Every structure is written in structure tokens, then in C-alpha cells.
Amino acid sequence: MAERCDAVVIGAGVIGLAVARELALAGREVLMLERNALIGAETSSRNSEVIHAGIYYPTGSVKAETCVRGKALLYDYCDRRHVPYNRLGKLIVATSREHLEVLRGYQRQALRNGVGELRWLDRDEALSLEPEVRCLAAVFSETTGVIDSHAFMLSLHGDVEAHGGIVSFHTEVTGLGREGGRLLVRCGDFDLAAKIVVNAAGLEAPQVASALGGQRRGYYAKGHYYSLSGRSPFTHLVYPVADEGGLGVHVTLDLAGQARFGPDVVWIDEAEYAFDLANRDRFVESIRTYYPDIDPDRLHPDYTGIRPKLAPAGSPASDFVIEGPCEHGVPGLVNLLGIESPGLTSSFAIAERVARMLA
């Protein structure tokens, strides 16, 4: 006999935690299932920790709408709950004449998406903000920031527990089914019969969804991050024009002001986090396009992350997929698929959507 429960959230990354919090606040009895020994052990703790503005995404897309909405909710939450962040702003730089019109396009897209105006900076204005950067022009995003993602997730976890939610660690979901009007969640040698299930399994979400007829395949885009030893030459985030598979090898700063570069894009077949130095030279050359004085000896391997993709290498970027009963026909089930960047920024807005689907 399966153990009966109210709401199951599969995955205790930032998205799963935000969803579990939203459901618990609404009065649901929430059980989170996490295969690792701690919250946010995979994608959620292996990223740039950037609070994104919402510039790049097609108007009306789930990414655009949840990013802009989620950013406002996230800054408000951080202020109320004293989660550390720094709204330091971001320069997106044009290093060739072909990029100038791309920057103009970012300005137009930002206005359409409700981000607000991106300030145009000529070369001298950009240098006044970041003297080490080489560019022809730049646009400046005032609402971009960085966050202590671990402190954020710990705060979310605390909210879940304060409202009666539980996280079961070392619990891997091995299958989904339906039984007697409930959703059956298989976890090794025991089953749970739940009224509602939210699949927030990150990299494995498409595989989990496939147990109940999901047809989407997941792809893995691995990214490497290098830290820069010594004092950072930057005081803002610095991004090149976006490239295929990501936003380019960019500069981020942690809350202590330490600089790191990344991520690159390496497509892999299986999830693994080993740091591969084979692409180091290409990584350095990417940085030199906008920071020509980079000293490679100051770059040190830091960590890797994997972005869950719904489209293979060479394909246009896919949108977030939030599939509820209206899309797949299974009552009580929501699948969250392809939640890569700006997932952290979008987390509260995604949670709102999930709660509305299950109300």
C-alpha cells in the first residue's frame, strides 16, 4: 500500500524550494523529495548567481515574463528577509561594429519586456565605469545584480519547514504512475500516493515526465567557471553579446567583490562535473575580446555547472516549459522543464504559476 500524502515536489533546488514554499503558504502539506544529501546540490549551486533583468528573452515568452516578475519579487524578498545581494548593474559590450545593432536590439527588447530603458554608453562612458574593458559601446542594465544563492535557498527551506513542509534527502524518484485518482510516486522500495505532484527535478525533469507520457528530451550544456586571483579590475558585471547556447563568457562578481569568468558552453551526453582544462585557451581568447589585459596566470579553475536544455546544440534557445493538466491531461501534475537561466531570478514567478495551475 502506498503512503498517502497531499503534495509532493520532486527536487529541492531553488525552483523546487520556491514552489514548495508557495504551496505550503497556501495551506498544502508539502513533502519534497531530493536525491542528494542537501538542498540545491546541482544546477542551483553551480551558476553565476546573477539576478537577471529580463533583457534577452522574446516578448511574451515564459522566460521574459517570469524573469521580470520574479526579479521584483526576489529583490523584495531579499530586503524583507535580509538575504545578501548586490544590485551593482551590468554592462553589455559591443566589441565589433556588427554588435552595435545587437545592443540597439537589446534596448528595444528591454522596453518591450517591461525591463525599462537600458542606458547607451559610448566608448568613453563605458571606460569611465570599467577602465579595463575594451569596447566600441555598451548598454547598462541598472537592475541586474548578484545574490548569495545559498543563503536564498536556506531561507526558502526555512519557510517551507516553518509552514509544515518536509524535505526527504537521499530519496530518488524512480517512476510516476496513477492509482485510484492519485499520482503514484515511486521512490525505490516505497510508493507515495499524492493529490498533486510538481516535477522540479532539474536536469532529470524530462526523464521523470516521460513516465506519464512526456515526450520531451533533455540536453546538457556544461559550463566552466574560472576565478580571478587578486583584486578584481571590475566593479560591475560585464557581458559580451550573447552567443549560441548561453550569454557568453562573462564577468561576475561575488558579494565580496571577487571576480570570476564563465561559463563557456560544452555539450555533453551525461551529467558530470569534472573540470576540463582542454578549452582553457579558447576560454581566455573569449575574455580577451573585451578584456585584452587578462593575465591567464591569474585564472584558476573554480567549478562547473550544467544547464538543462530542451533543444540540442545548434538549435534556437527554447523557452521554459511549465506543463500543467491542461497541457498533458494528467490531473494534479505539473512538469517544469528546461528551467535554466534565468531560473533563479524567475523562481518566485514560476512558483506563482504552478500554484495557480493546481488551485
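A few points about this structure:
- Of all residues in the range 135-166, those satisfying the criterion of being buried (at least 18 other Cβ atoms within 10 Å of the Cβ), within 23 Å of residue 43 (Cβ to Cβ) and aliphatic (A, V, I, L, M) are 146, 147, 153, 156, 160.
- Hits in the range 150-171 (condition: in contact (Cβ under 8 Å) with a residue 24 or more places away in the chain and of a type in the set (D, E, K, R)): 159
- Restricting attention to the range 319-340 and to residues that are out of contact with any helix residue (DSSP H, G or I) (no Cβ under 9 Å at 6 or more places or on another chain) and assigned to a loop (DSSP other than H, G, I, E, B), the residue that is nearest to residue 17 (Cα to Cα) turns out to be 330.
- For the range 19-41, residues that are buried (at least 22 other Cβ atoms within 10 Å of the Cβ) and within 30 Å of residue 238 (Cα to Cα) total 2.
- Of all residues in the range 283-318, those that are part of a helix (DSSP H, G or I) and either under 22 Å from the mean Cα position of the chain (by Cα) or in contact (Cβ under 8 Å) with a residue 60 or more places away in the chain (or both) total 2.
- Residue 139 being within 22 Å of the chain's Cα centre (by Cα) and at negative phi: no
- Selection status of residue 277, at pLDDT 95 or above and surrounded by 15 or more Cβ atoms within 10 Å (Cβ to Cβ): no
- Check on residue 115, at negative phi and touching a helix residue (DSSP H, G or I) at 6+ places or on another chain (Cβ under 7 Å): yes
The values are calculated or read from the model by the stated rules, or taken from the named source; none is laboratory data. Here the structure is a predicted model, which means the values were calculated and not measured. Using ideal geometry, Cβ is built from the backbone for each residue, glycine included, and neighbour counts are taken over all protein chains shown.
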